[in-house]
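Take a look at the structure below.
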Amino acid sequence: MLDLAIECHGINKHYPHFDLEDIDLQVPAGSAMGFVGPNGAGKSTTMRIIMGLIRQDSGSVNVLHYPIPEQQIAAKRDIGFVSEDMRLYGSRTIGFHMDFVKSIYESWDDRLADDLLSRFDLVREQKVKGLSHGQRVKACLLLALARSPRLLILDEPTTGLDPVARQEIMSEMRKVLQDDSRSILFSSHNTLDVEQISDHIAFILDGRIIDCRDTESFLDSWRRIRLELPDGHHLATGDGVVDLQCSERRTVATTDSFSDQLLTSLKQHGACVKDIERMTLEEIFLARVKSQQELAA
Amino acid sequence: MNESILKQLVLKDWRIIQVPVLLYWVAGAAAILVAIVFGEALGVLSFVIFVFALIIAGVHPIFQTIVAERSDQNLPFIMSLPITIREFTYAKVIVNLAVFGSVWLSLSIASLIIFVGEDGMPRGTLPFFCIILVTIFVGYVIMLCVALITETQGPSIVASVVINLGAQLFVWAVADLYPIRSVIGGPVAIWNGTSVGIIVAEIAVIGLLITATVWAQTRKIDFV
């Protein structure tokens, strides 16, 4: 049986202006899942429910085999959580926070903490209010990593960071994944980050998971196909074609289930395939959102 | 309840507020010193500084450790750690009551010795003065409870203003009660049923408020 670091079934949470609906999410142990969605899609709410910070109205959440929120304290001993809206105490130093977190966790590793301090170019005596956004994120990540948690939950950790700081964060995440027993769930607007590091990807839109697969099959199944259609021939969306852009001579079909059968089917409709392009995760995400919105309309 | 975590939470908050609290304590002590040195000449000034130091020693830690923790978005950090809402709430109550309680107690004892001592106000003022001191503590506990329950600035500020005005009205009303008024200027402290009853009732209110707030707070299900 597959060992799951996170297992969510049918999570619902109602707010006056937003509903999280029927969220199913499974993160296998030892893997990284990228959680992608526009602002207000429900990424942070889902992650907060997984952390036990807010309680779901219905549905079950198991994190590291602990039911949440009932046994969140046991689960949190092995979770490192960093979120974009998380702030440390501005008037205190990084060292103050290190000492505090160390006093809570027996697993705190002084050597690793010092190593991270130097790698992140942080100074123990530095006050938090004097840190840049990037340094603040790195300080939060240090506090999470220095106790070697089995699960990292990172809500938009790279948002607003310069490329250098972003790479540093990504590099630390890769190091975590070198250990097969450790897992990561992270959300990001930056699909390039997600593509680089995730074994699995979940798209969330308007409080619903609209797609969730392993990264390879995501990237393999989506294609942009440039076609030429003889006069009088028309294609329609459906049967694997999620979007069609037609101009006078050229038609561009976007598919989420690319296969030889699809190409054969297109040819049977009289289409002449001119070019087949792989799509980036960002293009896939945008196409998925568009098709979902058209379906909803 | 994990006592080690509770201790760490209390120490964390104490480290954050210790400097201002010590300054307020010094201000309160200075007020008492002024009363000793200058006697009646600066009696009103020392009393005003004393009350101000007491109030601010209560208000500042409440805003710093409870209200600011939410408004400054420190809560996601704290609540992402293996800390129960019960430990979190107990820590807030303990650190705030301990900080204010120690300032209140030390300054109250000192003021009682000075203001109602040999050369101070008549001894008959003692019960009324004790009612004022306990009323300050009740006002503080109401503020603490409102801050714990709402964790927001607006209601906490409104509560502090209402308590300030309410406490003054209460003290005036108490001073106007015949059993209090009739003994206030006397040479001997008379603890009649009214003065004792008021103090006992105030202590009961303190206990009730804290118990109810902890009960309500530990039933919260959303922490951020």
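I want to confirm something. Restricting to the stretch A:149-183 and keeping residues that are within 9 Å of the chain's Cα centre (by Cα) and part of a strand (DSSP E or B), which single residue is surrounded by the most Cβ atoms within 10 Å (Cβ to Cβ)?
Top of the filtered list is A:Leu154.
So which of B:Val141, B:Val224, B:Val134, B:Val183 is of a type outside the set (Gly, Ala, Ser) and touching an Asp or Glu at 6+ places or on another chain (Cβ under 7 Å)?
Testing whether each residue is of a type outside the set (Gly, Ala, Ser) and touching an Asp or Glu at 6+ places or on another chain (Cβ under 7 Å) leaves just B:Val134.
State all residues of the stretch A:127-177 that are farther than 13 Å from A:Ile79 by Cβ, touching a residue at least 60 places away in the same chain (Cβ under 8 Å) and not aliphatic (A, V, I, L, M); if no residue qualifies, say none.
A:Glu156, A:Pro157, A:Thr159, A:Gly160
Tell me which residues, restricted to the stretch B:134-146, are closer than 22 Å to B:Ile114 by Cβ and either among the β-branched types (Val, Ile, Thr) or over 9 Å from the mean Cα position of the chain (by Cα) (or both).
Hits for the stretch B:134-146 are B:Val134, B:Thr135, B:Ile136.
Where residues in the stretch B:1-60 are of a type outside the set (S, T, N, Q) and touching an Asp or Glu at 6+ places or on another chain (Cβ under 8 Å), which of them is nearest to the other protein chains (Cβ to nearest Cβ)?
Going through the qualifying residues, I end up with B:Ile5.
Any idea how many residues of the stretch A:100-148 are farther than 29 Å from A:Pro28 by Cα, among the polar types (S, T, N, Q) and not in a helix (DSSP H, G or I)?
Adding up the residues that qualify gives 2.
Residue under question is A:Val61, and the condition is that it be surrounded by fewer than 22 Cβ atoms within 10 Å (Cβ to Cβ), more than 11 Å from every other protein chain (Cβ to nearest Cβ), among the β-branched types (Val, Ile, Thr) and farther than 21 Å from B:Asn2 by Cβ; does it hold?
No; evaluated as a whole, the condition is false for this residue.
Restricting attention to the stretch A:130-148, and to residues there that are surrounded by 14 or more Cβ atoms within 10 Å (Cβ to Cβ) and farther than 20 Å from A:Asp179 by Cβ, which single residue is farthest from the other protein chains (Cβ to nearest Cβ)?
A:Gly134
Among (1) over 20 Å from the mean Cα position of the chain (by Cα); (2) at pLDDT below 90, where does B:Ala216 come up short?
All conditions are met except number (2).
Quick one: B:Ala110 ticks every box in (1) surrounded by fewer than 19 Cβ atoms within 10 Å (Cβ to Cβ); (2) free of Cβ contacts under 8 Å to residues at least 12 places away in the same chain bar one, so which box is it?
(2)
Starting from residues that are within 11 Å of chain B (Cβ to nearest Cβ), assigned to a strand (DSSP E or B) and not aliphatic (A, V, I, L, M), keep the ones in the stretch A:67-99 and report whichever is surrounded by the most Cβ atoms within 10 Å (Cβ to Cβ).
The extreme case among them is A:Phe81.
Of the residues that sit in the stretch B:184-199 and are surrounded by 15 or more Cβ atoms within 10 Å (Cβ to Cβ) and among the polar types (S, T, N, Q), which one is nearest to B:Leu148 (Cα to Cα)?
The qualifying residue nearest to B:Leu148 (Cα to Cα) is B:Ser195.
If you check B:Glu202, B:Glu151, which single one turns out to be at positive phi and surrounded by 16 or more Cβ atoms within 10 Å (Cβ to Cβ)?
The conditions single out B:Glu151.
I'm trying to understand the selection: among the residues of the stretch A:227-246, which are surrounded by 11 or more Cβ atoms within 10 Å (Cβ to Cβ) and either free of Cβ contacts under 8 Å to residues at least 24 places away in the same chain or outside any strand (DSSP E or B) (or both)?
Of everything in the stretch A:227-246, those that are surrounded by 11 or more Cβ atoms within 10 Å (Cβ to Cβ) and either free of Cβ contacts under 8 Å to residues at least 24 places away in the same chain or outside any strand (DSSP E or B) (or both) turn out to be A:Leu229, A:His233, A:Leu235, A:Thr237, A:Asp239, A:Gly240, A:Val241, A:Leu244, A:Gln245, A:Cys246.
Within the stretch A:55-67, track down each residue that is more than 20 Å from the chain's Cα centre (by Cα) and either within 24 Å of A:Ser148 (Cβ to Cβ) or not assigned by TED's automatic domain parsing to the domain that holds A:Leu151 (or both).
Across the stretch A:55-67, the qualifying residues are A:His65, A:Tyr66, A:Pro67.
Run A:Ala113 past the list (1) within 14 Å of chain B (Cβ to nearest Cβ); (2) more than 16 Å from A:Leu154 (Cβ to Cβ); (3) crowded, with 16+ Cβ neighbours inside 10 Å and report the number of the one that doesn't hold.
(1)
Taking the stated definitions as given, is B:Val48 assigned to a helix (DSSP H, G or I) and under 28 Å from B:Gln168 (Cβ atoms)?
yes
Hey, can you tell me all the residues within the stretch A:35-58 that are of a type in the set (Lys, Arg) and facing chain B (nearest Cβ under 10 Å)?
If the condition is that a residue be of a type in the set (Lys, Arg) and facing chain B (nearest Cβ under 10 Å), then A:Arg48, A:Arg55 are the ones that fit.
Just to be sure before I move on: is B:Ile83 within 11 Å of chain A (Cβ to nearest Cβ), in a helix (DSSP H, G or I), in contact (Cβ under 8 Å) with a residue 60 or more places away in the chain and more than 30 Å from B:Met121 (Cα to Cα) in the structure I sent?
Spelling it out, it is not the case that B:Ile83 is within 11 Å of chain A (Cβ to nearest Cβ), in a helix (DSSP H, G or I), in contact (Cβ under 8 Å) with a residue 60 or more places away in the chain and more than 30 Å from B:Met121 (Cα to Cα).
If B:Thr211 satisfies all but one of (1) buried (at least 18 other Cβ atoms within 10 Å of the Cβ); (2) closer than 23 Å to B:Trp104 by Cα; (3) over 15 Å from the mean Cα position of the chain (by Cα); (4) not charged (D, E, K, R), what's the number of the condition it fails?
(1)
Tell me the residue from A:His9, A:His17 that is more than 8 Å from every other protein chain (Cβ to nearest Cβ) and out of contact with any Asp or Glu (no Cβ under 9 Å at 6 or more places or on another chain), please.
After applying the criteria, what remains is A:His17.
Given the options B:Gly166, B:Gly139, name the one that is modelled with pLDDT of 90 or more, assigned to a helix (DSSP H, G or I) and over 23 Å from B:Glu69 (Cβ atoms).
Matching residue, one of B:Gly166, B:Gly139: B:Gly166.
Go through (1) surrounded by fewer than 19 Cβ atoms within 10 Å (Cβ to Cβ); (2) in a strand (DSSP E or B); (3) over 15 Å from the mean Cα position of the chain (by Cα) one by one and return the number of the condition A:Gln26 breaks.
Here A:Gln26 clears every test but (3).
The values are calculated or read from the model by the stated rules, or taken from the named source; none is laboratory data. Bear in mind that the values here come from a model prediction, so they are computed numbers and not experimental data. So basically every Cβ, Gly included, is an ideal-geometry build from the backbone, and we count neighbours across all protein chains shown.
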